Amino acid sequence: MSLPPLTLILLAPPGGGKGTQARRLMKELNLSHLSTGQMLRQAQHDRTPIGIRAAEFIRAGLLVPDDMVLELVRDALQDDSTPSSGVILDGFPRTLAQAEALDELLALHGRAVDGVISLELSPETIVARLSSRRVCSSCGTEFSVVFRPPSVPGVCDECGGDLEARDDDSLAAVSNRLSVADEGRLQLKEHYGARGLLAEVDGEGSVEEVFARIRGALPRKGCYA
Ligand code: AMP
């Protein structure tokens, strides 16, 4: 069983647009999209043992314990049923311990992280985005009632699913998520920056503007060359 050839990590604060940009990269560059947040929400929805255990952490805006997240990631990375040029990790790793576990997992397969893109946004933009975010309950596509409204209010443009606010976009959970996320992101930026893998990208502006900047910052390897 072989892992996808390229491993790219997208870092951003909550609401920073990593889900939207990761899906865009997936479509345009034929990458698999691995979002731990999306996998955990799916597990919650399916009421799997991990989903049930993770629910209270997610609702409170806290990180889900590493063992659960790593189990999901290990399974997803080893599932080679989807042909693609690589994988984009969205929301993982979140901590140094997760980054080290990822390094070990990839090394087992003779691979390593190829590039890390960090989207940089002001706190004001993040709060405005989180409070207006709506997510499709079927396909996970994200909209904003202010910045990226769907054509029909409450209905997903991609699949016709219902759009919902996320439980953890509540004000109480958001302040936890922002402080937890800031600390983790700083450590990860140091970890990958020291290895020359980090590219910081301005995350303000339209989806298209940010995507163009991300493309310009992608590592030159395989499908990106
Ligand atoms: P996200 O969709 O990436 O914003 O993630 C939503 C929530 O899922 C986070 O606030 C955490 O509670 C949990 N979560 C997602 N990814 C991770 C991770 N790598 N480690 C721990 N918890 C995570």
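Given their separation in residues at 0.36 nm each and the Cα-Cα distance between them, residue 78 and residue 47 gain 8.9 nm when the chain is fully extended. Residues whose amide H lies under 5 Å from that of residue 134, counting only those 5 or more places away or on a different chain, are 143, 144, 145; hydrogens are built 1.01 Å from N in the peptide plane.
Computed extension length for residue 170-residue 107: 18.8 nm, one decimal, from 0.36 nm per residue of separation with the Cα-Cα distance subtracted.
In terms of its C-alpha gyration tensor, the chain has a rounded overall shape, because the principal axis ratio a/c (a ≥ b ≥ c, square roots of the eigenvalues) stays below 1.5. Does region 29-117 classify as rounded, prolate or oblate by the C-alpha gyration tensor (a ≥ b ≥ c root eigenvalues; a/c under 1.5 gives rounded; else a/b over b/c gives prolate, otherwise oblate)? It is prolate, given that a/c is not under 1.5 and a/b is the larger ratio. For the chain, the Cβ-based charge dipole about the Cα centre amounts to some 300 debye (Lys, Arg positive; Asp, Glu negative; other atoms uncharged). Specify whether the C-alpha gyration tensor of region 1-43 places it in the rounded, prolate or oblate class, a ≥ b ≥ c being the square roots of the eigenvalues: rounded for a/c under 1.5, otherwise prolate if a/b is larger than b/c and oblate if not. Oblate. Short-range pairs are left out: with C-alpha atoms under 8 Å and at least six residues apart, the relative contact order of region 102-193 is 21 percent.
Put in order of Cβ neighbour count within 10 Å, fewest first, the listed residues 179, 132, 35 become 179, 132, 35. Between the exposed loop cleavage positions of the chain, defined as trypsin sites (Lys or Arg not before Pro) in a non-H, G, I, E, B DSSP state with at most 10 neighbouring beta-carbon atoms within 10 angstrom, the longest gap is 48-219. Hey, how many Å between the Cα centroid of region 163-178 and the Cα centroid of region 73-144? Centre-to-centre (Cα) distance: 18 Å. Going toward the positive end of the dipole of region 60-152, with +1 on Lys and Arg Cβ and -1 on Asp and Glu Cβ, which of 117, 139, 106 do you reach last? Of the candidates, 139 comes out farthest on the positive side. Ordering of 112-119, 144-151 by packing is 112-119, 144-151, highest average first (other Cβ atoms within 10 Å, averaged per residue). Once the C-beta distance of residue 158 and residue 187 is scaled by a Förster radius of 41 Å, the resulting FRET efficiency is 0.75 to the nearest 0.05.
Each Lys or Arg adds one and each Asp or Glu subtracts one; over the other residues with Cβ under 9 Å from the Cβ of residue 142, this totals +4. Once backbone amide H atoms are built at 1.01 Å from N, residue 33 has 88 as its partners under 5 Å, excluding neighbours fewer than 5 places away on the same chain. Summary value for the chain: 30 percent relative contact order, contacts being C-alpha pairs under 8 angstrom separated by 6+ residues.
Computed from the coordinates by the stated procedures, all read-outs in this text should not be read as laboratory data. None of these values were measured; they are calculated from a predicted model. When we count neighbours, we look across all protein chains shown, and the Cβ atoms used for this are built from the backbone with ideal geometry, even at glycine.
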